[in-house]
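Comments concern the structure below.
The values are calculated or read from the model by the stated rules, or taken from the named source; none is laboratory data. Just so we're clear, the structure is a prediction, and the values are computed from it rather than from any experiment. Quick reminder, even Gly has a Cβ in these numbers, built from the backbone with ideal geometry, and neighbours come from all protein chains shown.
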Ligand code: GLC
């Protein structure tokens, strides 16, 4: 059993509210439909704010809710300053922000910084342009035909050239799907044989940098608390070690510091370790491309070429290892103890905590971990009631991003109660954004609220314990005393957490002689200096 101590955070960092954040991620199309069109909307979310307040979360992160042709579920924005009609109006978003604030909840939006939709007027203008345009160069165009892609099946997210649908001749660079042309933030290396490579300070890239600030200011002025930045790493092309990209974000952060000192911005994934000053306020740690995502990810959504084949740690089989996560966490904070890390239960690109491969009590230990580890927790809507990943969900709005990977199964409508469509919408079932889990024993919020023994009540209790216990906040250090099954760690020097996701019993030595005070526990017993942890057992103790 190894013993390691993970860093303490430097308390001097700004935006202190983020340390106490319990994030709840809402997929706007799937949360609550107030107008019966089968798609969730912002008034629907407003109607459910009381639920979020009852649950105890204090920060919402919305997936993109802006005008879009929805080729990639809204990650293809055609107007950054306008809420998509299907979700409501800008006034609805402002009202939501106000009403959330009254309940102590902040709102984060998703900023798609690296690309737009082909329908964005900036792109349409360049597509129509027959000659140089003083307001152009927002995208990257080339004349000569590019070399064909190396692989038959192309990985979305790899910059590739797409032939112009005309009238402008040539090819444009895309960032994800073909319909998502990359915004031009310049290239780290300019080359005379590739004249489309602008420098980062050429006119087009500067125009786009300024546009990002204008978009942020527009929404920050309307009360939002900050942004999750989609594909933040993708901006400057051919940028080894992301030096230029981080420079861009640092500059943007300085601007944010000057104008919106309380607002946060958080990249998709982990900001690379660099000698650079931190360009972001926190990192989303379990992005799908990270090998340590196998902490929670059990492959229910399928696999991608880069998927780690480490067995999942939070799994009944008990064959996983928590080591890659611990090592990555330690490394992320090395030399930067102030770095805040967000660990999510899942997100819109993953499976879910609950799936055919994992359910019941092992979800409980996952939540005990999520809400007591030295990170900021993020809950993917519905995970708190144990909503299941649906393996056969249809490919809606670009959900299948690789032949062996389907994101639709984690994006299905929120299950509110036992009424028609699980209380999500009054539309006919075949008009819903995605089908609802047809399992008659599917969980729902109302039934879970009525049942004191439900996962939902546990999650709520854990959020309360976390709020009342400063030792469980990020930045108080994590001392790992058991790193197999169970995982055992001491937080803030005086709280011991034990989680055993596996279906086998195990033990861990009690780190002190006094009997600890139990705050919460399931199938855990202390005897003769040894803690016995039953299958899927967990406990939080206050040490004497
Ligand atoms: C990010 C988003 C994903 C989206 C992609 C392109 O990875 O999380 O859902 O498809 O960017 O914007």
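Miscellaneous remarks
- Note on the range 40-122: enclosed strands (runs of 3 or more DSSP E) holding 1 or more residues that are in the same structural domain as residue 445 (by TED's automatic domain parsing), in contact (Cβ under 8 Å) with a residue 40 or more places away in the chain and closer than 22 Å to residue 378 by Cβ are 59-62, 106-112.
- Taken together, the residues in the range 252-267 that are within 17 Å of residue 114 (Cα to Cα), surrounded by fewer than 23 Cβ atoms within 10 Å (Cβ to Cβ) and touching a residue at least 40 places away in the same chain (Cβ under 8 Å) amount to 1.
- Residue in the range 188-195 that is at positive phi and touching a helix residue (DSSP H, G or I) at 6+ places or on another chain (Cβ under 8 Å) present: no
- Every listed requirement among (1) touching a residue at least 24 places away in the same chain (Cβ under 8 Å); (2) surrounded by fewer than 18 Cβ atoms within 10 Å (Cβ to Cβ) is met by residue 420 save one, (1).
- Exactly one residue out of 351, 318 is farther than 21 Å from residue 27 by Cα, in a loop (DSSP other than H, G, I, E, B) and modelled with pLDDT under 95, and it is 318.
- When residues of the range 349-366 are limited to those that are away from the ligand (no atom under 16 Å from the Cβ) and closer than 19 Å to residue 288 by Cα, the one nearest to the chain's Cα centre (by Cα): 353
- In the range 23-39, the qualifying residues are those that are assigned to a helix (DSSP H, G or I) and touching a helix residue (DSSP H, G or I) at 6+ places or on another chain (Cβ under 6 Å), and the one that is farthest from residue 108 (Cα to Cα) is 31.
Let's see how each residue does on (1) surrounded by fewer than 15 Cβ atoms within 10 Å (Cβ to Cβ); (2) within 14 Å of the ligand (Cβ to nearest atom):
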residue	(1), (2)
160	no, yes
166	yes, no
178	no, yes
181	no, yes
187	no, no
191	yes, no
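- Residue tally, condition out of contact with any helix residue (DSSP H, G or I) (no Cβ under 8 Å at 6 or more places or on another chain), surrounded by fewer than 17 Cβ atoms within 10 Å (Cβ to Cβ) and in a loop (DSSP other than H, G, I, E, B), over the range 135-151: 9
- Filter result for residue 289 (out of contact with any helix residue (DSSP H, G or I) (no Cβ under 8 Å at 6 or more places or on another chain) and either at pLDDT below 95 or more than 16 Å from the ligand (Cβ to nearest atom) (or both)): yes
- Of the residues contained in the range 361-371, none is found to be part of a strand (DSSP E or B), farther than 21 Å from residue 230 by Cβ and either touching a helix residue (DSSP H, G or I) at 6+ places or on another chain (Cβ under 6 Å) or free of Cβ contacts under 8 Å to residues at least 60 places away in the same chain (or both).
- Conditions (1) more than 26 Å from residue 125 (Cα to Cα); (2) under 23 Å from the mean Cα position of the chain (by Cα); (3) buried (at least 20 other Cβ atoms within 10 Å of the Cβ); (4) away from the ligand (no atom under 16 Å from the Cβ); number of the one not met by residue 270: (4)
- Only one entry in 234, 308 is free of Cβ contacts under 8 Å to residues at least 60 places away in the same chain and over 15 Å from the mean Cα position of the chain (by Cα), namely 308.
- Residue in the range 384-401 that is outside any helix (DSSP H, G or I) and over 24 Å from the mean Cα position of the chain (by Cα) present: no
- Among the candidates 408, 429, residue that is within 16 Å of the ligand (Cβ to nearest atom), closer than 24 Å to residue 48 by Cβ and free of Cβ contacts under 8 Å to residues at least 40 places away in the same chain: 408
- Residue match in the range 341-348 (condition: in contact (Cβ under 8 Å) with a residue 60 or more places away in the chain, over 26 Å from residue 279 (Cα atoms), part of a loop (DSSP other than H, G, I, E, B) and under 20 Å from the mean Cα position of the chain (by Cα)): no
- Scanning the range 517-544 for residues that are touching a residue at least 12 places away in the same chain (Cβ under 8 Å), at negative phi and over 35 Å from the mean Cα position of the chain (by Cα) turns up 526, 530, 544.
- Just one of (1) touching a helix residue (DSSP H, G or I) at 6+ places or on another chain (Cβ under 8 Å); (2) modelled with pLDDT of 95 or more; (3) within 30 Å of residue 326 (Cβ to Cβ) fails for residue 61. It is (1).
- Residue count, the range 123-155 (criterion: without any contact (Cβ under 8 Å) to a residue 12 or more places away in the chain and within 21 Å of residue 82 (Cα to Cα)): 2
- Comparison of 281, 240, 258, 297 shows that the only residue that is more than 30 Å from residue 316 (Cβ to Cβ) and either within 16 Å of the ligand (Cβ to nearest atom) or at pLDDT below 90 (or both) is 240.
- A count restricted to the range 213-235 and to residues that are away from the ligand (no atom under 15 Å from the Cβ) and buried (at least 21 other Cβ atoms within 10 Å of the Cβ) stands at 5.
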